[in-house]
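What follows is a set of notes on a single structure, which appears directly below.
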Amino acid sequence: MGRDWAAVFGVADTDHLFEHFQSERYRGREYRYLPDARHGVERGTAILGDAVVRGFPSIPRTLVLDPGIPEYFDGPVAVEEKLNGYNVRVADVNAGHWEEFGPLAFTRSGHVCRYTTETVRDQCPLDDFFADHPDLQVCAEVVGPENPYTTHDYDEVESVAVRVFDLRDRETGDPLPVAERRDLCEAYGFEQVRSFGVHDPDAAVDAVGDAIDELDEQGREGVVLTAADGRRRLKYTTSAIHRSDLEHAFALPFDYGRDFLFSRVIREVFQAVERDERDEVVRERARNLGESILLPAVETVRAVDRGEPVGDEHVVRGDPEVLDRLLDQFRDRGLELDVRADRRDGDERVVEFVKLARATRDKTEFYLEGGTIDE
(Lines give C-alpha, C1' and ligand atoms only; values in the text may rest on other atoms or scores of the structure.)
Protein backbone atom coordinates (compact mmCIF):
# COMPACT_ATOMS: atom_id res chain seq x y z
CA MET A 1 0.00 0.00 0.00
CA GLY A 2 1.43 3.31 -1.08
CA ARG A 3 -0.36 5.69 1.30
CA ASP A 4 0.90 7.01 4.62
CA TRP A 5 -1.73 5.20 6.66
CA ALA A 6 -0.38 6.52 9.96
CA ALA A 7 -1.22 10.03 8.77
CA VAL A 8 -4.61 8.97 7.37
CA PHE A 9 -5.77 7.36 10.60
CA GLY A 10 -3.68 9.28 13.12
CA VAL A 11 -2.37 5.96 14.47
CA ALA A 12 1.32 5.24 14.98
CA ASP A 13 1.06 1.43 14.99
CA THR A 14 -0.84 0.83 11.77
CA ASP A 15 0.34 -2.79 11.58
CA HIS A 16 -1.59 -3.54 14.77
CA LEU A 17 -4.60 -1.59 13.48
CA PHE A 18 -4.66 -3.49 10.18
CA GLU A 19 -4.59 -6.83 12.02
CA HIS A 20 -8.19 -6.09 13.01
CA PHE A 21 -9.42 -5.42 9.47
CA GLN A 22 -11.19 -8.23 7.64
CA SER A 23 -11.36 -8.90 3.91
CA GLU A 24 -14.53 -9.05 1.82
CA ARG A 25 -15.32 -9.04 -1.89
CA TYR A 26 -17.80 -7.01 -3.87
CA ARG A 27 -18.49 -8.09 -7.45
CA GLY A 28 -15.06 -9.72 -7.65
CA ARG A 29 -13.13 -6.84 -6.10
CA GLU A 30 -11.51 -7.20 -2.67
CA TYR A 31 -11.81 -4.55 0.03
CA ARG A 32 -11.21 -4.45 3.77
CA TYR A 33 -13.39 -3.32 6.65
CA LEU A 34 -13.09 -2.84 10.40
CA PRO A 35 -15.84 -4.79 12.23
CA ASP A 36 -15.16 -3.15 15.62
CA ALA A 37 -13.75 0.23 16.64
CA ARG A 38 -9.98 0.10 17.25
CA HIS A 39 -7.31 2.71 18.10
CA GLY A 40 -9.83 5.52 17.74
CA VAL A 41 -10.87 4.36 14.25
CA GLU A 42 -14.61 3.89 13.90
CA ARG A 43 -16.34 0.57 13.42
CA GLY A 44 -17.28 0.03 9.78
CA THR A 45 -14.34 1.95 8.33
CA ALA A 46 -13.56 0.49 4.90
CA ILE A 47 -10.47 0.57 2.66
CA LEU A 48 -10.94 0.14 -1.07
CA GLY A 49 -7.61 0.33 -2.88
CA ASP A 50 -6.08 3.55 -1.56
CA ALA A 51 -9.46 5.08 -0.68
CA VAL A 52 -10.95 5.24 2.82
CA VAL A 53 -14.60 5.40 3.85
CA ARG A 54 -14.71 6.25 7.55
CA GLY A 55 -17.23 4.56 9.80
CA PHE A 56 -19.96 6.46 11.59
CA PRO A 57 -19.06 7.23 15.22
CA SER A 58 -21.19 5.98 18.09
CA ILE A 59 -23.47 8.57 19.68
CA PRO A 60 -23.56 8.87 23.49
CA ARG A 61 -26.91 8.77 25.26
CA THR A 62 -28.25 10.90 28.10
CA LEU A 63 -30.60 9.32 30.62
CA VAL A 64 -31.90 12.71 31.82
CA LEU A 65 -32.60 15.78 29.72
CA ASP A 66 -31.86 18.20 32.53
CA PRO A 67 -29.00 18.62 33.31
CA GLY A 68 -27.85 16.20 30.58
CA ILE A 69 -28.30 18.59 27.65
CA PRO A 70 -26.91 21.79 29.26
CA GLU A 71 -23.94 19.85 30.63
CA TYR A 72 -23.07 18.38 27.22
CA PHE A 73 -23.59 21.38 24.92
CA ASP A 74 -22.30 24.94 25.26
CA GLY A 75 -24.02 26.47 22.25
CA PRO A 76 -27.03 26.10 19.93
CA VAL A 77 -28.40 22.57 19.56
CA ALA A 78 -30.25 21.12 16.57
CA VAL A 79 -32.94 18.60 17.51
CA GLU A 80 -33.71 16.01 14.82
CA GLU A 81 -35.66 12.78 14.73
CA LYS A 82 -33.85 9.49 15.28
CA LEU A 83 -35.39 6.87 13.02
CA ASN A 84 -35.64 3.13 13.62
CA GLY A 85 -33.97 1.52 10.63
CA TYR A 86 -30.43 0.66 9.62
CA ASN A 87 -27.53 3.06 9.26
CA VAL A 88 -25.77 3.31 5.88
CA ARG A 89 -23.02 5.44 4.44
CA VAL A 90 -22.89 6.13 0.71
CA ALA A 91 -19.62 7.08 -0.98
CA ASP A 92 -18.34 7.38 -4.54
CA VAL A 93 -14.91 5.76 -4.39
CA ASN A 94 -12.91 7.05 -7.35
CA ALA A 95 -9.68 5.12 -6.73
CA GLY A 96 -8.13 1.80 -7.67
CA HIS A 97 -10.69 1.08 -10.40
CA TRP A 98 -13.55 1.23 -7.90
CA GLU A 99 -14.97 4.15 -9.89
CA GLU A 100 -16.50 1.68 -12.35
CA PHE A 101 -19.09 0.70 -9.73
CA GLY A 102 -20.34 4.21 -8.97
CA PRO A 103 -21.66 5.17 -5.50
CA LEU A 104 -21.63 2.30 -2.99
CA ALA A 105 -23.62 1.84 0.22
CA PHE A 106 -21.83 0.56 3.32
CA THR A 107 -23.64 -0.95 6.29
CA ARG A 108 -22.74 0.10 9.82
CA SER A 109 -20.28 -2.80 10.10
CA GLY A 110 -18.49 -1.83 6.87
CA HIS A 111 -19.92 -4.28 4.33
CA VAL A 112 -20.80 -3.08 0.85
CA CYS A 113 -24.44 -4.11 0.42
CA ARG A 114 -25.69 -4.57 -3.13
CA TYR A 115 -29.34 -4.35 -2.09
CA THR A 116 -28.80 -1.11 -0.15
CA THR A 117 -26.67 0.33 -2.94
CA GLU A 118 -29.46 -0.20 -5.46
CA THR A 119 -32.10 1.12 -3.04
CA VAL A 120 -30.20 4.34 -2.32
CA ARG A 121 -29.40 4.90 -5.98
CA ASP A 122 -33.09 4.55 -6.85
CA GLN A 123 -34.20 7.08 -4.24
CA CYS A 124 -31.40 9.66 -4.09
CA PRO A 125 -29.89 11.89 -6.84
CA LEU A 126 -26.37 10.68 -6.06
CA ASP A 127 -24.70 11.37 -9.42
CA ASP A 128 -25.27 15.13 -9.26
CA PHE A 129 -24.25 15.27 -5.61
CA PHE A 130 -21.00 13.34 -5.98
CA ALA A 131 -20.08 15.20 -9.17
CA ASP A 132 -20.02 18.36 -7.06
CA HIS A 133 -18.89 16.83 -3.74
CA PRO A 134 -16.73 13.77 -4.45
CA ASP A 135 -15.01 13.90 -1.04
CA LEU A 136 -18.19 13.64 1.01
CA GLN A 137 -20.19 10.63 2.16
CA VAL A 138 -23.95 10.57 2.65
CA CYS A 139 -25.08 9.12 5.97
CA ALA A 140 -28.66 7.88 5.98
CA GLU A 141 -31.17 5.65 7.71
CA VAL A 142 -33.02 3.08 5.61
CA VAL A 143 -36.47 2.54 7.10
CA GLY A 144 -39.72 0.78 6.37
CA PRO A 145 -41.41 -2.62 6.59
CA GLU A 146 -39.67 -4.11 3.55
CA ASN A 147 -35.96 -4.10 4.32
CA PRO A 148 -33.59 -6.95 5.17
CA TYR A 149 -32.03 -5.61 8.37
CA THR A 150 -34.35 -3.69 10.72
CA THR A 151 -38.07 -3.51 10.05
CA HIS A 152 -40.34 -0.95 11.67
CA ASP A 153 -43.61 0.47 10.40
CA TYR A 154 -43.87 4.16 9.59
CA ASP A 155 -47.19 5.48 8.34
CA GLU A 156 -45.49 7.48 5.60
CA VAL A 157 -43.38 4.57 4.28
CA GLU A 158 -45.11 1.84 2.28
CA SER A 159 -42.06 -0.29 1.46
CA VAL A 160 -38.61 1.18 2.12
CA ALA A 161 -37.32 4.74 2.29
CA VAL A 162 -33.99 6.55 2.67
CA ARG A 163 -33.66 9.50 5.07
CA VAL A 164 -30.39 11.44 5.21
CA PHE A 165 -29.20 12.54 8.66
CA ASP A 166 -25.58 13.59 8.03
CA LEU A 167 -22.95 14.55 5.45
CA ARG A 168 -19.31 13.85 6.32
CA ASP A 169 -15.88 13.92 4.77
CA ARG A 170 -15.37 10.45 3.35
CA GLU A 171 -11.78 10.07 4.55
CA THR A 172 -11.58 12.07 7.78
CA GLY A 173 -15.16 11.53 8.94
CA ASP A 174 -15.49 15.23 9.81
CA PRO A 175 -19.15 16.37 9.70
CA LEU A 176 -20.58 19.39 7.96
CA PRO A 177 -22.25 22.04 10.16
CA VAL A 178 -25.93 21.26 10.61
CA ALA A 179 -27.28 24.27 8.69
CA GLU A 180 -24.93 23.66 5.75
CA ARG A 181 -25.82 19.97 5.72
CA ARG A 182 -29.56 20.57 5.69
CA ASP A 183 -29.24 23.23 2.97
CA LEU A 184 -27.17 20.89 0.79
CA CYS A 185 -29.63 18.04 1.24
CA GLU A 186 -32.49 20.30 0.26
CA ALA A 187 -30.59 21.64 -2.76
CA TYR A 188 -29.91 18.12 -4.09
CA GLY A 189 -33.33 16.72 -3.31
CA PHE A 190 -32.38 14.32 -0.49
CA GLU A 191 -35.17 13.36 1.90
CA GLN A 192 -34.01 14.30 5.40
CA VAL A 193 -34.86 13.36 8.95
CA ARG A 194 -37.39 15.65 10.58
CA SER A 195 -36.10 18.74 12.36
CA PHE A 196 -37.54 19.99 15.67
CA GLY A 197 -35.61 23.24 15.41
CA VAL A 198 -32.44 24.75 16.86
CA HIS A 199 -32.39 25.79 20.52
CA ASP A 200 -30.09 27.01 23.24
CA PRO A 201 -29.15 24.13 25.56
CA ASP A 202 -31.52 25.18 28.36
CA ALA A 203 -34.42 25.67 25.97
CA ALA A 204 -33.61 22.37 24.28
CA VAL A 205 -34.64 20.52 27.46
CA ASP A 206 -38.29 21.47 27.00
CA ALA A 207 -38.11 21.18 23.19
CA VAL A 208 -36.85 17.62 23.44
CA GLY A 209 -39.40 16.77 26.11
CA ASP A 210 -42.22 17.97 23.83
CA ALA A 211 -40.77 16.10 20.84
CA ILE A 212 -40.44 12.89 22.86
CA ASP A 213 -44.07 13.12 24.01
CA GLU A 214 -45.20 13.42 20.39
CA LEU A 215 -42.91 10.67 19.10
CA ASP A 216 -43.78 8.33 21.96
CA GLU A 217 -47.48 8.63 21.21
CA GLN A 218 -46.73 7.73 17.58
CA GLY A 219 -44.56 4.74 18.51
CA ARG A 220 -41.44 6.33 17.01
CA GLU A 221 -37.86 6.10 18.25
CA GLY A 222 -36.54 9.39 19.59
CA VAL A 223 -34.23 12.31 18.82
CA VAL A 224 -30.60 13.13 18.16
CA LEU A 225 -29.23 16.45 19.38
CA THR A 226 -26.35 17.95 17.40
CA ALA A 227 -24.12 20.95 18.05
CA ALA A 228 -24.29 23.60 15.33
CA ASP A 229 -20.86 22.62 13.96
CA GLY A 230 -21.97 18.96 13.76
CA ARG A 231 -19.20 17.64 15.99
CA ARG A 232 -21.01 16.75 19.22
CA ARG A 233 -24.10 14.55 19.35
CA LEU A 234 -26.38 13.13 21.98
CA LYS A 235 -29.39 10.82 21.73
CA TYR A 236 -32.53 10.26 23.76
CA THR A 237 -35.27 7.73 23.04
CA THR A 238 -38.95 7.12 23.76
CA SER A 239 -40.57 4.62 26.08
CA ALA A 240 -42.32 3.17 23.03
CA ILE A 241 -39.03 2.15 21.43
CA HIS A 242 -37.71 0.69 24.70
CA ARG A 243 -40.74 -1.60 24.82
CA SER A 244 -40.46 -2.40 21.14
CA ASP A 245 -36.79 -3.31 21.54
CA LEU A 246 -37.63 -5.58 24.46
CA GLU A 247 -40.47 -7.25 22.57
CA HIS A 248 -38.07 -8.00 19.75
CA ALA A 249 -35.30 -9.21 22.05
CA PHE A 250 -37.53 -11.46 24.13
CA ALA A 251 -39.10 -12.97 21.05
CA LEU A 252 -35.55 -14.37 20.64
CA PRO A 253 -34.48 -14.53 24.30
CA PHE A 254 -31.29 -16.58 23.87
CA ASP A 255 -29.94 -14.51 20.97
CA TYR A 256 -29.70 -11.22 22.91
CA GLY A 257 -27.55 -10.60 25.96
CA ARG A 258 -28.60 -9.50 29.41
CA ASP A 259 -27.02 -6.08 28.82
CA PHE A 260 -29.72 -5.47 26.20
CA LEU A 261 -32.42 -5.93 28.83
CA PHE A 262 -30.65 -3.94 31.54
CA SER A 263 -29.95 -0.88 29.40
CA ARG A 264 -33.55 -0.47 28.31
CA VAL A 265 -34.99 -0.98 31.78
CA ILE A 266 -32.56 1.63 33.15
CA ARG A 267 -33.69 4.10 30.47
CA GLU A 268 -37.27 3.61 31.63
CA VAL A 269 -36.26 4.11 35.26
CA PHE A 270 -34.56 7.44 34.68
CA GLN A 271 -37.30 8.66 32.35
CA ALA A 272 -39.98 7.92 34.96
CA VAL A 273 -37.98 9.68 37.68
CA GLU A 274 -37.15 12.77 35.62
CA ARG A 275 -40.79 13.16 34.62
CA ASP A 276 -41.79 12.86 38.29
CA GLU A 277 -44.55 10.47 37.31
CA ARG A 278 -47.33 9.62 39.74
CA ASP A 279 -47.35 6.14 41.29
CA GLU A 280 -50.20 4.95 39.08
CA VAL A 281 -48.37 6.14 35.94
CA VAL A 282 -45.20 4.33 37.03
CA ARG A 283 -47.23 1.16 37.62
CA GLU A 284 -48.70 1.43 34.13
CA ARG A 285 -45.19 1.87 32.75
CA ALA A 286 -44.11 -1.23 34.70
CA ARG A 287 -47.05 -3.29 33.39
CA ASN A 288 -46.28 -2.30 29.80
CA LEU A 289 -42.61 -3.12 30.29
CA GLY A 290 -43.41 -6.50 31.82
CA GLU A 291 -45.72 -7.41 28.95
CA SER A 292 -43.01 -6.44 26.46
CA ILE A 293 -40.70 -8.96 28.12
CA LEU A 294 -42.95 -11.89 28.99
CA LEU A 295 -45.53 -12.15 26.21
CA PRO A 296 -43.17 -12.47 23.21
CA ALA A 297 -40.95 -14.92 25.10
CA VAL A 298 -43.91 -17.15 25.94
CA GLU A 299 -45.07 -17.10 22.32
CA THR A 300 -41.58 -18.06 21.12
CA VAL A 301 -41.29 -21.02 23.49
CA ARG A 302 -44.74 -22.18 22.37
CA ALA A 303 -43.69 -21.83 18.71
CA VAL A 304 -40.55 -23.92 19.26
CA ASP A 305 -42.64 -26.51 21.13
CA ARG A 306 -44.88 -26.71 18.05
CA GLY A 307 -41.82 -27.26 15.85
CA GLU A 308 -42.10 -23.89 14.10
CA PRO A 309 -39.04 -21.84 13.05
CA VAL A 310 -38.32 -18.68 15.06
CA GLY A 311 -36.26 -15.64 14.12
CA ASP A 312 -36.35 -12.18 12.56
CA GLU A 313 -39.00 -11.94 9.85
CA HIS A 314 -38.35 -9.81 6.77
CA VAL A 315 -39.91 -8.89 3.45
CA VAL A 316 -37.75 -7.47 0.67
CA ARG A 317 -38.69 -6.21 -2.75
CA GLY A 318 -36.55 -5.37 -5.76
CA ASP A 319 -34.58 -6.59 -8.76
CA PRO A 320 -34.51 -10.43 -8.83
CA GLU A 321 -30.73 -10.60 -9.29
CA VAL A 322 -30.10 -8.11 -6.49
CA LEU A 323 -32.26 -10.14 -4.10
CA ASP A 324 -30.39 -13.30 -5.10
CA ARG A 325 -27.14 -11.63 -4.12
CA LEU A 326 -28.67 -10.35 -0.88
CA LEU A 327 -29.76 -13.83 0.22
CA ASP A 328 -26.37 -15.27 -0.80
CA GLN A 329 -24.69 -12.51 1.21
CA PHE A 330 -26.60 -13.53 4.34
CA ARG A 331 -25.84 -17.22 3.84
CA ASP A 332 -22.15 -16.49 3.22
CA ARG A 333 -22.08 -14.79 6.65
CA GLY A 334 -23.40 -17.89 8.33
CA LEU A 335 -27.07 -16.92 8.65
CA GLU A 336 -29.64 -19.68 8.32
CA LEU A 337 -32.66 -18.54 6.29
CA ASP A 338 -36.17 -19.92 5.98
CA VAL A 339 -37.69 -18.56 2.76
CA ARG A 340 -41.45 -18.56 3.26
CA ALA A 341 -42.54 -16.94 0.00
CA ASP A 342 -40.87 -15.94 -3.25
CA ARG A 343 -43.09 -14.29 -5.85
CA ARG A 344 -43.20 -11.70 -8.62
CA ASP A 345 -45.08 -8.40 -8.40
CA GLY A 346 -44.81 -6.89 -11.87
CA ASP A 347 -41.12 -6.39 -12.65
CA GLU A 348 -40.16 -6.79 -8.99
CA ARG A 349 -39.44 -9.86 -6.96
CA VAL A 350 -40.82 -10.10 -3.41
CA VAL A 351 -39.20 -12.47 -0.91
CA GLU A 352 -40.49 -13.20 2.59
CA PHE A 353 -37.91 -14.90 4.80
CA VAL A 354 -36.87 -15.51 8.37
CA LYS A 355 -33.33 -15.19 9.71
CA LEU A 356 -33.45 -18.20 12.00
CA ALA A 357 -32.41 -17.65 15.60
CA ARG A 358 -30.38 -20.79 16.22
CA ALA A 359 -29.41 -20.06 19.83
CA THR A 360 -33.02 -19.47 20.86
CA ARG A 361 -34.25 -22.51 18.96
CA ASP A 362 -31.56 -24.89 20.23
CA LYS A 363 -31.61 -23.76 23.87
CA THR A 364 -35.39 -23.69 24.01
CA GLU A 365 -35.57 -27.23 22.62
CA PHE A 366 -32.96 -28.33 25.17
CA TYR A 367 -34.91 -26.92 28.11
CA LEU A 368 -38.24 -28.24 26.81
CA GLU A 369 -36.69 -31.69 26.69
CA GLY A 370 -35.70 -31.45 30.34
CA GLY A 371 -32.28 -29.84 30.13
CA THR A 372 -31.11 -27.97 33.20
CA ILE A 373 -29.48 -24.58 33.84
CA ASP A 374 -26.41 -24.18 36.03
CA GLU A 375 -26.96 -21.03 38.09
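Can you tell me which condition residue 277 does not meet? The list is (1) modelled with pLDDT under 95; (2) more than 18 Å from the chain's Cα centre (by Cα), and all the others hold. Single failed check for residue 277: (1). Quick one: would you say residue 47 is β-branched (Val, Ile, Thr) and part of a strand (DSSP E or B)? The answer is yes for residue 47. Scanning region 142-166 for residues that are over 24 Å from residue 233 (Cα atoms), within 14 Å of the chain's Cα centre (by Cα) and among the polar types (S, T, N, Q) yields a total of 2. Of the residues screened, residue 88 is not one that is hydrophobic (A, V, I, L, M, F, W, C), under 30 Å from residue 205 (Cα atoms) and either surrounded by fewer than 22 Cβ atoms within 10 Å (Cβ to Cβ) or outside the structural domain of residue 41 (by TED's automatic domain parsing) (or both). Test residue 121 against the criterion of being in a helix (DSSP H, G or I) and crowded, with 21+ Cβ neighbours inside 10 Å, and give yes or no. Spelling it out, it is not the case that residue 121 is in a helix (DSSP H, G or I) and crowded, with 21+ Cβ neighbours inside 10 Å.
Pick from region 305-324 the residues that are in contact with a Leu (Cβ under 7 Å, 6 or more places away or on another chain) and either of a type in the set (A, V, I, L, M) or in a helix (DSSP H, G or I) (or both): which of them is surrounded by the most Cβ atoms within 10 Å (Cβ to Cβ)? Residue satisfying both the conditions and the ranking: 316. Scanning region 273-284 for residues that are of a type outside the set (Val, Ile, Thr), closer than 20 Å to residue 219 by Cβ and in contact with a His (Cβ under 6 Å, 6 or more places away or on another chain) turns up nothing.
Evaluation of residue 333 against the conditions (1) more than 13 Å from residue 312 (Cβ to Cβ); (2) buried (at least 16 other Cβ atoms within 10 Å of the Cβ); (3) free of Cβ contacts under 8 Å to residues at least 24 places away in the same chain shows that the sole unmet condition is (2).
Taken over region 39-84, residues that are under 14 Å from residue 237 (Cβ atoms) and not charged (D, E, K, R) amount to 10.
Give me the residue from region 228-268 that is charged (D, E, K, R) and assigned to a helix (DSSP H, G or I) and, out of that set, surrounded by the most Cβ atoms within 10 Å (Cβ to Cβ). Show your work before the answer.
Within region 228-268, the first condition is being charged (D, E, K, R), and the residues that meet it are 229, 231-233, 235, 243, 245, 247, 255, 258-259, 264, 267-268.
Subsequent filtering for residues that are assigned to a helix (DSSP H, G or I) retains 243, 245, 247, 258-259, 264, 267-268.
On the way: 243: 20, 245: 20, 247: 15, 258: 7, 259: 8, 264: 22, 267: 20, 268: 20.
Step by step, filter region 228-268, then rank; the result is 264.
The values are calculated or read from the model by the stated rules, or taken from the named source; none is laboratory data. Predicted model, so just to flag it, every value in this text is computed and none were measured. Glycine gets a Cβ as well: all are built from the backbone with ideal geometry, and neighbour counts include every protein chain shown.
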